Each structure stands twice: as C-alpha cells, then as structure tokens.
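Read the structure below first, then the notes.
The values are calculated or read from the model by the stated rules, or taken from the named source; none is laboratory data. Only a predicted model underlies this, so the values are computations on that prediction, with no experimental measurement involved. Positions of Cβ are generated from backbone atoms using ideal geometry, with glycine treated the same way; all protein chains shown enter the neighbour counts. Keep in mind that these areas ignore ligands, DNA and RNA; they rest on the heavy atoms of the full protein, side chains included. Shrake-Rupley method; radii C 1.70, N 1.55, O 1.52, S 1.80 Å.
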Amino acid sequence: MKIGVLLDEPTIIPGFDYVFYETKPSSGRNLKPLPKAWNVVNCFADNTVSQSRPELVATSSGERAVRGTVRHFLWDWICPSREEYREYCKKTIQDITKHDVAGIRLDSVCFPREGYCDCSVCAEKQKTSGEDPIEWRAQQIESFIKEVHESVPCKLGLTIEPDPCYGKERFGLDLEKLAEYVDFLSTPLYMDYSIVYWLDILANCFRRRISKPYFIELYAGHPRAPTKHLVSALAVASAYADCVVLSTYEAGIARSLQIEMVNSKEIWKFFSDRHCVEMLDILRRWQDQISEGTSRGNQS
Ligand SMILES: [Zn+2]
C-alpha cells in the first residue's frame, strides 16, 4: 500500500509516495503548479468564475448552486455542459502538465446534485440528444474526462463523490465508464473517526465496485481530532485501499503526524495487534527517514 498527503501548500514532504497539491482550489484561483507533485484541479467548483460569469452557474428549479443557499453547497458550481468553461478547464490542465508534474488529479468533476442542471443550455442539449436525462448527464461528465485524458500526456486520477450507490443518478458519475480514462479513483471519506463503522462500510462498497487502484482520503487537518481516532481509520482504510491519503492541507501537520506516529509505542502495538502490515511498513519507512534526517543534522 502507498501513502499520500493532500496539501494546499506547495511543498514536497519526504516519506509520502503521493503528494497532492491543490493547484486550482475551489476558490477558482490558478496557483503556480508544483513540479514532482500530483497537482489537483477543481474542475466545476469555481468561486471566481461564478462571480465573474454568474450565467454559467448550475441551476435547479430557479435555485443556483452557490454557497449560502439552503442546499449547503461548500463552493459554487459551474454548469458542466458549457463548452467555453470546459475549454477553459482543459486549457488550465494542459498548462499544468508543462511543469514536470507527477500527474493531475481531477476533483469536482460532476453535477452539484440531483436536479442540477436545468439551465437553458442543458435543457436544450438534452432535448436535442433524445437521451434519458440520467444517461445524458453521465455522458457530459464522461466526455469531459475523456477529452482531458486525450489532451494531456501525464497520468490522471479522479476524485469521486463518496456515494457508492447513486453516484450516477445524483452526480452524473458512472464509475465503470470513468475508470477507463484514469489511473486511479479516489474518495474523500471525511468523517468523525471516533467510530469507524461507517468508514468500513463505505470503503468496502467502493472497493467492490472499483477495478482500478483505489485511493481513500482521510481527513487529518484542522480542527485536529485525536491521533488515536485517525489511527483507527488508517487501520480500516488500509484493508481496502491501494493508497491512503492524509488530507492535512498543512505540511506542518503531516510532518508532526509522521513523528508522533513513529514515536508512539501504542500506535505500533495497535497496528501490530490488528495485523496491519502495510501500516507497519509505512511506519518503518518514516522511522528510517526521520533517523537519517537526525543523523545528517548531527553531522552538519
Ligand atoms: Zn446547465
């Protein structure tokens, strides 16, 4: 199993097989790409374009998919069927690939929820296609990912909404089809890890449905939850995932977690009692790297 980290700081942290960096966060700002990292692009989440081009925002029965509405969107959503925005997104992605990146991870590539989008462009396109609305929506998302896949030379990952049952009906995400165009699929399974029962159920469901390498993202940022809860989550996720990604967002948290986990006898014992050999391997790797760093520090 591999271990990864998700950051919103442009830093490579040793000890992680995958460093994900948010180059285009949902704020819509295009930040400088980070070479050697997996650069994360939020596709249809864009709080900047939603302000400058409000007519591109996804709608449902007169309601716009923006922050502050009763549907509690965390960011503003652009309609996935608008050609000019799709081109803008693809251009952004192509520009990032010129920076010697390890790969690109596509986030927020879906419709905001069921009922979206019923803007005049979607309504017209769907009517002309003669397709069933659910199929038509899924095709909008599939064609976008296919176009990105065909236009970039680097590896691609895809984050999907953590709904293993109705992703297609709600978000336009047809798992089996989308898997063809990417090197891995990832789900953020962010929750309170004091009880890992639901994490186990969701991870199990996705593992059964995903034929490609499967990445699980665990929330490890502010506000910091007790590390023992995160460790329980790691024990569960490592049973299903090809890579577990710690979403710390801050590099400092990721580094302190590495040290805290390596130095805790209880954590080694916890993984050992549960036969989490993959996690023990990762702890050993971190331990070697930390002691190398210390001896190098002593020599200088
Ligand atoms: Zn639309």
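Annotations for the structure displayed:
- Of all residues making up segment 23-70, the number that are more than 27 Å from H149 (Cα to Cα) and in a strand (DSSP E or B): 5
- Hits in segment 248-290 (condition: of a type in the set (G, A, S), closer than 17 Å to A225 by Cβ and surrounded by 14 or more Cβ atoms within 10 Å (Cβ to Cβ)): A254, S256, S264
- Scope segment 192-212; condition of a type in the set (F, W, Y) and open to solvent by less than 20 Å² (accessible area, probe 1.4 Å); matching residues: Y193, F206
- Residue in segment 142-156 that is farther than 21 Å from T23 by Cα and aromatic (F, W, Y) present: no
- Qualifying residue in segment 187-198 (condition: touching a helix residue (DSSP H, G or I) at 6+ places or on another chain (Cβ under 6 Å), away from the ligand (no atom under 16 Å from the Cβ) and among the small types (G, A, S)): yes
- Among the residues of segment 52-74, the one identified as of a type in the set (S, T, Y), exposed (fewer than 10 other Cβ atoms within 10 Å of the Cβ) and free of Cβ contacts under 8 Å to residues at least 12 places away in the same chain is S52.
- Sole exception among (1) small (G, A, S); (2) farther than 16 Å from L173 by Cβ; (3) away from the ligand (no atom under 15 Å from the Cβ) for S129, by number: (3)
- Qualifying helices (runs of 4 or more DSSP H) (wholly inside segment 75-191; at least 3 residues being surrounded by fewer than 17 Cβ atoms within 10 Å (Cβ to Cβ)): 83-96, 120-129, 133-151
- Residue within segment 274-292 that is without any contact (Cβ under 8 Å) to a residue 60 or more places away in the chain, under 19 Å from I160 (Cβ atoms), out of contact with any Cys (no Cβ under 9 Å at 6 or more places or on another chain) and assigned to a helix (DSSP H, G or I) present: no
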